[in-house]
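The structure appears below as structure tokens.
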Amino acid sequence: MLKTVKTTPYTDQKMGTAGLRKKSKIATQENYIENFVQSVFDAIGGVKGQTFILGGDGRYFNKVAIQKIMKMSAANGMKKMIVGQNGFISTPTSSRVLLDNKADGGFVLTASHNPGGINGDFGIKYAVASGGQCPTAVSDKIYENTKKISEYKILEADDVDLSKIGTQKLGDMEIEIIDPVQIYADMMSSMFDFAAIRKLFAGGFTFVFDAMNAVTGPYARKIFVEMLGASPDSVVNDVPLEDFGGLHPDPNLIYAKKLVERMYSDDAPDMGSANDGDGDRNMILGKKFFVTPSDSLAIITDNYKYIPAYKNGIYGVAKSAATSTAVGRVAKALGIGYYEVPTGWKYFCNLMDSNRITFCGEESFGTGSSHIREKDGIWAILFWLNIIAATGKSVEQITREHWQKYGRSYYMRNDYDGIDTEVANKLMSDLEARMPSLAGKQFGSFTVKEAKPFIYNDPVDGSSTKNGLIVYFTDNSRIVYRLSGTGTNGATLRIYLERYETKLLDEDVEKMLEELADVSRAIAEVTERTGKAKADLLT
Ligand code: G16
């Protein structure tokens, strides 16, 4: 039976860098998800006759929210919903399925790399027909709707059994349950040289992948173990859990602690890797060796010819402004287009759709290509395995040779967490106001060349976005300041430090950036304003 339910608005449903992200305790309030989903449907003029993709990373509240969304979709006249088996789908797979089915939109229930569970976070990523997350113009409209919503539509029906592949009906809506793991595995085997990677593993190459108890465990087992012959114990934490077993599924040196310890031990495997909650982020490690995401993007781009899917050539490459400039040097050498966009994967999508770029990446452990419109964690790991299989070189060797060829960007992100939102906003606006006066000023051994906000003018749709503030120094070092758009606890100030070297290639990163970190605090008056003498997190 179709029901129209009266509701009252929540005032905090503004989407951040990638969808709506909230503490689980907030997201599970009465009608919270319903209000948001109905506001999405209303913002796009309804979903009558449309097809949507639905699934999640398995975190707490995933199961409940999926049933609600299916029933609301049916009540709003949707024609078909394609749902991941048992309610699971990784973000990259969702993008693929959306494109393959020419669907109108999709929801991935995830707060990405944020922890899960009742005391963790919940979230919704909303993608549009292009396969990427909705553009700002659409999210603004959705936010406006959430502030005035008074009712939503839902079907009163039994819960749908999502365990069996196949089709069924929910009211008049068709539900197709798919096997996302198989779909994703097929896509990967069509892109990479699986025979060569199989040979690599058969030859004794050792490997570990940490799924962090999140969505990619089954994907990794299927691809790395079953299809490529890696040893069964090379995939760890591969059973998705509602609270990720207490892990913080953010693949970086801090949160993937066990993996990092193993990779820095004397019996480390040849390569280590990890994904985040919804499978779009990745981390690459060699034996006692870490590859920064910025370097990974540069190395992937420089080695594209080893990958069957790209061997005939690539378009350009793009990175977020906060990401190091390493890939820019590769683009120059290859003579391909090079773009800098604001933080947020959605800004890459127009560049991919218009064949301006093939690869793109961000410092926040995201790397991807135009095979989908999201970043792709396992894709990046397969890319590295394929390079290793083709060259016979180790992760460390590949990276060091890259530095020798292009120089090295020492790079680090400093996060200052849990700052009062007003204090953080004022710090940024005051810094922006001071920027013109910084040029020529000396801070320690660094002289400011130029300081200005980062403004991106999209060459495809003409939209203009301001995101972050950049200080350029005369020695090619840079500091980028911005506030995170994915946190759920006050404001997080992110300060990105980069120092470029052509001779000193083997130094300690923290040491190399120590003075620049001090300078970054001095320029923005971080300690005076936040009381923090040091960053909370270095990645
Ligand atoms: C999301 C976006 C990324 C962005 C990242 C960090 O990643 O998709 O494009 O780089 O957030 O954003 P911020 O610095 O604003 O916190 P994910 O993996 O959370 O979807």
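The values are calculated or read from the model by the stated rules, or taken from the named source; none is laboratory data. Computed from a predicted model, the values in this text were never measured in an experiment. Methodologically, a virtual Cβ is constructed for each residue, glycine included, from the backbone with ideal geometry; neighbour enumeration extends over all protein chains shown. Accessible surface is based on the protein model in full, side chains and every heavy atom, while ligands, DNA and RNA are left aside. Shrake-Rupley method; radii C 1.70, N 1.55, O 1.52, S 1.80 Å.
Couple of notes before you dig in:
- Distance-filtered residues of segment 317-336 - backbone nitrogen under 16 Å, label point 7 angstrom along residue 405 Cα→Cβ: 317, 326-336
- Karplus-derived 3J(HN,Hα) values for segment 160-175, using 6.51 cos²θ - 1.76 cosθ + 1.60 with θ = phi - 60°, are 7, 7, 9, 7, 10, 5, x, 10, 8, 10, 10, x, 8, 8, 8, 10 Hz; glycine and proline are entered as x.
- Most positive-pole-ward Cα, 184, 152, 274, against dipole of the chain from beta carbon charges: 152
- Between segment 82-137 and segment 448-515, the alpha-carbon centres lie 28 Å apart.
- Working from Cα pairs under 8 Å separated by at least six residues, relative contact order for the chain is 13 percent.
- Protein heavy-atom surface of segment 183-406, 1.4 angstrom probe: 49% of the accessible area is carbon and sulfur, with nucleic acids and ligands not counted.
- The convex hull of the Cα atoms of the chain, projected and averaged over all directions, covers 23.4 nm².
- The residues of segment 276-432 have, on average, 29 Å² of accessible surface per residue, using a 1.4 Å probe with all protein chains present.
- Distribution of pairwise C-alpha distances over segment 408-538, 5 Å bins, in %: 2, 10, 20, 22, 20, 15, 8, 3, 1
- Local net charge near residue 314, Cβ-Cβ under 15 Å (Lys/Arg +1, Asp/Glu -1): +4
- Candidates 168, 87, 361 compared by Cα position along the dipole of the chain: farthest toward the positive end lies 361, with charges placed on Cβ.
- Packing-based ranking of 275-282, 182-189, 159-166, 67-74 yields 275-282, 67-74, 182-189, 159-166, ordered from highest to lowest mean Cβ neighbour count within 10 Å.
- Shape summary of segment 183-406, radius of gyration then Dmax from alpha carbon positions: 16.2, 47 Å.
- Antiparallel beta bridges, as assigned by DSSP with both residues in the chain, represent about 70 percent of the total such bridges.
- Rounded Å value of the spacing that divides the Cα centres of segment 402-417 and segment 1-53: 39
- Farthest positive-ward along the chain dipole, Cα basis, beta-carbon charges - from 388, 31, 50: 50
- Each eigenvalue of the Cα gyration tensor of segment 2-178, multiplied by 5 and square-rooted, gives one semi-axis; in descending order these are 21, 18, 17 Å.
- The mean accessible area for residues of segment 2-178, using a 1.4 Å probe and ignoring ligands and nucleic acids, is 38 Å² per residue.
- Long-range HN-HN contacts of residue 112 with modeled amide H, under 5 Å: 278
- For residue 447, the amide hydrogen comes within under 5 Å of the amide hydrogens of 474, 475, counting only partners 5 or more places away or on other chains and with H modelled in the peptide plane.
- Only Lys, Arg, Asp and Glu carry charge here, each on its Cβ (+1 for the first two, -1 for the last two); on that basis segment 393-464 has a dipole of about 580 debye about its Cα centre.
- Amide H contacts of residue 16: 21, each under 5 Å away and 5 or more positions distant or on a separate chain (H built 1.01 Å from N in the peptide plane; Pro and chain starts excluded).
- Think of each Lys and Arg Cβ as +1 and each Asp and Glu Cβ as -1; about the Cα centre, that makes the dipole of the chain roughly 840 debye.
- Note on segment 2-178: with charges restricted to the Cβ of Lys and Arg (+1) and Asp and Glu (-1), its dipole about the Cα centre is near 240 debye.
- Relative packing of peptides 411-422, 500-511, 523-534 - highest average C-beta neighbours within 10 Å first: 411-422, 523-534, 500-511
- Highest average packing first - 221-230, 373-382, Cβ atoms within 10 Å: 373-382, 221-230
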